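A short worksheet on the structure shown next.
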Amino acid sequence: MKYIIGIISAIALVLVLLFCPINSESSVQYLRIHIRANSNSYADQSVKYKVKDAVVEELIPLVSEIESFEEAKKVIEANFGFIESVADRVLEENDFTYKTHAKIDNEYFPTRTYEDVTLEEGNYDALILELGSGEGNNWWCIVFPAFCFTKTKNSDNIVYISRIWEIIKSVI
């Protein structure tokens, strides 16, 4: 039994090393998500996180099975209207009158670490979701590879939206 667990652990480690590079010299292209609040007011910043939770939840089934950067961009672009409607619904439910705008753009991001993955500073393609004027502080994460996570009601308080993380979690 220990032998089988050892083999499974080794396979999981190889999968992590193959699919979750930790430096910018990797050939993996990343598609990030960048949600910009309308302003830095407490209300706008609070609703930004509600929008983030709803949008990420809806993106999970759209991006969790995607296998290439180009496919990720096409799926996101094809769903701009859906993404905006999810965000607009959250804004409306919270008595905000401004709307959202989704686009993909290439923008500068500072160095950021997500769990064991570090993305160095630089320009990345990103799904940009502007709430209203989009002039407030923002939230960002990774859409592809599907690594983005959000707080939920589960016991671990984290949901990973990648099949690789599901495999690793089932082994551990």
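The values are calculated or read from the model by the stated rules, or taken from the named source; none is laboratory data. The shown structure was predicted, so the numbers you read here are calculated from the model rather than taken from an experiment. Every residue, glycine as well, gets a Cβ built from its backbone with ideal geometry; the counts of neighbours run over all protein chains shown. For accessibility, only protein heavy atoms count, side chains too; no ligands or nucleic acids. Shrake-Rupley method; radii C 1.70, N 1.55, O 1.52, S 1.80 Å.
Below are the figures for this structure:
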{"read-out": "Given (1) within 13 Å of ARG36 (Cα to Cα); (2) of a type in the set (A, V, I, L, M, F, W, C); (3) touching a residue at least 40 places away in the same chain (Cβ under 8 Å), number of the condition VAL90 does not satisfy", "value": "(1)"}
{"read-out": "Within the range 86-127, strands (runs of 3 or more DSSP E) holding 1 or more residues that are in contact with a strand residue (DSSP E or B) (Cβ under 8 Å, 6 or more places away or on another chain), buried (at least 17 other Cβ atoms within 10 Å of the Cβ) and of a type outside the set (Val, Ile, Thr)", "value": "100-109, 117-119"}
{"read-out": "Output for the range 128-169, where each listed residue is open to solvent by 60 Å² or more (accessible area, probe 1.4 Å), modelled with pLDDT of 85 or more and among the charged types (D, E, K, R)", "value": "GLU135"}
{"read-out": "Count of the range 37-85 residues which are over 15 Å from LEU129 (Cβ atoms), open to solvent by 70 Å² or more (accessible area, probe 1.4 Å) and either out of contact with any helix residue (DSSP H, G or I) (no Cβ under 8 Å at 6 or more places or on another chain) or in a helix (DSSP H, G or I) (or both)", "value": "8"}
